[in-house]
Amino acid sequence: MDLSEIAKKLGLWETKHIIRKAAELRRLCDVQFDSSVIGVGEVCKAIICLEIAATSFQVIFDRQAAIRLSGMSEKAYNRSFNSLQNTLGVKTKLDIRELGIQFGCIRLIPFVKKGLSLYKDRFIASLPASRRANADFTRPVFTAVAFYMCAKKHKLKVDKLKLIEVSGTSESEFNSVFASMKDLCFDVFGISKEKKDPREVKGNRELLDVLPEKRKIEDGNFSSDDGTEVSSQKKHKRMDAYEQWKSSVLSSNKKNKAKGHCKQTVQTSLDFLKEATEKTEMEALS
């Protein structure tokens, strides 16, 4: 199918400069590689070249009509478009406002601009002086990542895969820029998911010092509110230890009375009492 006929079906019949540019891109594509290897037919190649040409001249292009005309699915068309675009070395300028309109997140536009500007400044500042002049932020992946991170920050759903396709980048490059942007601009784009350890959060000590009965004692001791309950628990444990000791002494005396081992029984009883007391104190402190 001729480029002029395809352009007419896409509403571009009066734009001869776009048709000439598309024809030039198609010839360049034929010279550099065989598009059929990646599953792109002649019709689809012509349509993609027309879209690239229209975009370069900032002319509105109906992508949905192009997808229907190509006979491909939207996902396959986007994948083919990115492949041809990268092969031809054509850079697409991604506009933040267009992204906001396309994904229904217009209110993110000022946040994306601010975050992207801050990232550029911090990234350049982190480079050696000899490399700062060569820093290139014209690739659309930076705009796409900033847009995605702002949407995530404001809890808005954005299709990551679709955004990658629109920006004409790869998922690995997207993730790489994502990690870099998150490290340098966590205060703008980052989302904290970690809960702070309560022991690391310092309370207002002055307010606690106003009421001594509410103040906690260091080293794991209890406050005075729990004193009554803790004291009753200790007393109960000591009574249990005493009753256990008493029964043990009486039983031991009966067994050893005839054998004349009273002295040994008393010593054993004292040792048992000491052990029971120490155990009770340890339990009370734990």
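The values are calculated or read from the model by the stated rules, or taken from the named source; none is laboratory data. What you are looking at is a predicted structure, and each value in this text was computed from that prediction instead of being measured. Surface accessibility is based on the protein's heavy atoms, side chains included, excluding ligands, DNA and RNA. Shrake-Rupley method; radii C 1.70, N 1.55, O 1.52, S 1.80 Å.
Got a number for carbon plus sulfur as a percent of the stretch 7-135's accessible area, 1.4 Å probe?
Details: 4100 of 7730 Å².
Taking all protein chains in place, the stretch 7-135 shows 53 percent carbon and sulfur surface.
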Q | Cα-based equivalent ellipsoid, the stretch 33-176: semi-axes from gyration tensor eigenvalues, Å | A | 29, 19, 13
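Considering the convex hull of the alpha carbon atoms of the stretch 1-74, report its projected area averaged over all viewing directions, in nm², one decimal. Spell out each step's value before the answer.
Details: hull surface 18.3 nm².
Hull-based average projected area comes out at 4.6 nm².
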Q) Could you give the accessible area per residue of the stretch 1-133, probe 1.4 Å, as a whole number in Å²? A) 60 Å²
Q: Please give the solvent-accessible surface of ARG107 in Å², to the nearest 10, using a probe radius of 1.4 Å with every protein chain present.
A: 130 Å²
Q. Semi-axes, largest first, in whole Å: what does sqrt of 5 times each Cα gyration tensor eigenvalue give for the stretch 44-111?
A. 23, 15, 11
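With respect to the cross-link table entries LYS21/LYS113; LYS9/LYS93; LYS113/LYS153; LYS9/LYS162; LYS75/LYS114, which display a Cα-Cα separation exceeding 23 Å? Can you show the working numbers first?
Numbers: LYS21/LYS113 32 Å; LYS9/LYS93 25 Å; LYS113/LYS153 14 Å; LYS9/LYS162 26 Å; LYS75/LYS114 31 Å.
Table pairs above 23 Å Cα-Cα are LYS21/LYS113; LYS9/LYS93; LYS9/LYS162; LYS75/LYS114.
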